[in-house]
1. How are the Cα pair distances of the protein assembly as shown distributed, in percent, across 10 Å bins from 0?
2. Averaging over all projection directions, find the projected area of the Cα convex hull of chain B and quote it in nm² with one decimal place.
3. How far apart, in nanometres, would the label points at B:Y339 and B:L16 be if each is projected 7 angstrom from Cα along the Cα-to-Cβ direction?
4. Evaluate E = 1/(1 + (r/R0)^6) for B:H87 and B:L319, where r is the Cβ-Cβ distance and R0 equals 41 Å; express this FRET efficiency to the nearest 0.05.
5. Suppose only helical runs count, i.e. DSSP H with n ≥ 4. What mean residue ellipticity at 222 nm does that imply for chain B under -39500 (n - 2.57) per run, divided by all residues and rounded to the nearest 500 deg cm²/dmol?
6. So what is the relative contact order of region B:72-218, in percent, for Cα pairs below 8 Å that sit 6 or more residues apart?
7. Pull up the cross-link candidates among the lysines for A:K68, meaning alpha carbon to alpha carbon under 28 Å and not fewer than 8 places away within one chain.
8. Quick one: of B:K7/B:K270; A:K64/B:K211; B:K25/B:K276; B:K7/B:K289, which pairs are farther than 18 Å apart, Cα to Cα?
Amino acid sequence: MRNALTYTLTLLWSLQLFAAPLTLPEPDAGSTCPVCGMFVAKYPEWIATVQYRDGHAHHFDGAKDMFKYLFDLPRWAPGHNAANIRAIGVTEYYGLTLIDAREAYYVVGSDVLGPMGHELIPLASEGDAQEFLRDHRGARILRFDEVQHALPVKLDEGVFE
Amino acid sequence: MSSALRKQRYLLDYTLSSLARRPGKNLGLLLVYTLIVFMLASVMLFTHALRSEAVAILQESPEIIVQRLVAGRHDLIPAHYLRKMGHIRGVLERKGRLWGYFFDPAVKANYTLMVPDEAQPAADEIEIGATIAATRGVGLGDIISLRSADNRPFSFRVSGILDADSQLVSADLILLSEATFRDFFAIPEGLYTDLVLRVRNPRELRTIAEKLILLLPDTRPILRDEVLRTYDAIFSWRQGIVFVLMAGAVLAFVIFAWDKASGLSGEERKEIGVLKALGWETADVIRMKFWEGAVVSLLAFLLGYLLAYAHVFYTSAALFEPVLKGWAVLYPEFAPIPYIDLLQIATLFIFTVFPYTVATIIPIWRAAITDPDLVMR
């Protein structure tokens with residue numbers, strides 16, 4: 001029974017049906033988002049974190065700002081190289097745990113607003129994402145790679161396409 | 001000391017001796033003024049203390065409580081509702097709770113009986129709140145006898161005395177094991193008092209509550225925020241009642257103070273005339289009278305606030321307790337946690353000291369600009 005459970009879990013894992021929890025440095029009271037300049041620790045439900053190989057990390061008050069940052073590193077973090085990024089974490093909506101941003105599902109266009117307005121809401125599994133989409137009247141579900149460069153800016157204007 | 005400061009000191013000096021020349025009248029004013037500040041401050045301090053106590057209690061409480069309703073009344077909820085509810089996204093933990101009230105005729109008070117989540121006492125043991133221990137006069141290892149719902153006597157050994165941060169929670173609390181609880185209240189297996197859900201993301205609470213209503217139509221989900229709001233409303237309402245009761249007294253004070261402050265007596269007019277004849281400038285007279293108002297009102301404010309502080313935090317607001325608290329019997333030991341809230345002090349200050357001081361200025365200015373000859377005649 002136990003073995004079967006472990007097996008199923010491993011299988012689910014390998015199929016990436018849900019994202020594994022992640023441990024990254026936490027923002028302290030003075031950490032600000034490099035993109036919008038807001039204090040991050042005040043919004044624990046929204047924290048996203050990019051950690052570099054040398055251990056230092058940048059924190060964001062929402063996945064949207066994190067994407068803006070990743071799409072234009074020279075602007076938001078001069079001297080940083082995308083190749084040196086060790087891990088990217090986002091706070092998943094239902095359990096508020098930090099998960100790998102590359103494995104998360106993102107819902108845009110929902111009625112849940114973050115500190116910076118319309119957001120990409122990170123969810124741990126496809127099931128979570130679909131239920132969230134239904135419950136909160138979201139527009140669509142995206143994977144990490146499907147987020148277009150123009151999307152975060154469009155979200156600021158309330159456009160979800 | 002700079003000359004401007006020295007001048008103020010002399011003015012203050014003159015004001016104090018001038019006040020001392022009419023001791024009866026000024027002491028009377030001070031007394032009434034102090035009383036008003038005392039009453040207002042007592043109510044504010046006590047309701048605020050009660051409110052923060054309620055918030056402290058509810059901090060630990062679960063985010064959602066699910067109660068079953070039968071004909072609009074709270075009823076026991078079957079354990080299979082947990083299964084029926086299924087896994088709702090966003091709910092981290094769900095479980096049934098067992099708790100209830102018990103009226104103890106020996107001390108004429110209600111106890112709260114509860115089955116703790118973990119570390120349940122043994123079958124014939126209970127843990128009791130400090131207030132119960134004091135009222136029943138029992139200590140660790142002593143035996144307490146209670147009569148159950150079907151009139152069977154139950155004897156419990158006291159295995160622990162609860163000591164919580166908040167007296168309001170632990171005062172009347174008795175913890176016992178699940179089997180004993182069911183036996184004592186004749187509640188069969190498979191029934192709980194209510195169900196509690198733990199939710200991590202506060203944003204999701206409303207959605208979960210909506211899903212619960214659809215899944216379990218005969219239940220009512222209660223959100224922690226709603227409970228908090230209700231407490232808040234109750235305390236504000238009680239505070240309002242006391243303020244209305246006090247409105248008469250406050251109004252009387254306002255009239256009294258206005259009369260004292262604005263209508264200058266002939267004697268005072270004469271005094272101003274003499275001062276002006278001696279060469280005082282209008283500004284000096286106004287300053288002197290300002291100091292008079294400030295001394296009286298500041299003194300009254302300080303005395304009133306200190307008395308209220310002692311009243312609320314040392315005597316547990318003995319005067320207002322019945323109106324402001326009163327939702328259970330066994331809280332004789334409730335002592336609010338002392339605090340000083342600067343915003344609250346500022347509010348009280350603005351509503352008491354400020355109007356009085358301002359009210360004194362205009363009539364004095366009017367008297368001070370008239371010709372001394374005219375005033376003294």
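1. With 10 Å bins starting at 0, P(r) equals 3, 13, 16, 15, 16, 15, 12, 7, 3, 1, 0.
2. Values: hull surface 107.9 nm².
With the hull built on Cα positions only, its mean projection is 27.0 nm².
3. Computed distance between label sites B:Y339 and B:L16 equals 3.7 nm.
4. 0.20
5. -19000 deg cm²/dmol
6. Contact order relative to length: 37 percent.
7. A:K42, A:K154
8. Values: B:K7/B:K270 23 Å; A:K64/B:K211 29 Å; B:K25/B:K276 24 Å; B:K7/B:K289 14 Å.
Cα-Cα > 18 Å for B:K7/B:K270; A:K64/B:K211; B:K25/B:K276; rest within.
Throughout, read-outs are computed from the coordinates displayed, never taken from laboratory work. Keep in mind it's a predicted model, so treat the numbers as computed, not measured. Every residue, glycine among them, receives a Cβ derived from its backbone with ideal geometry; neighbour counts consider all protein chains shown.
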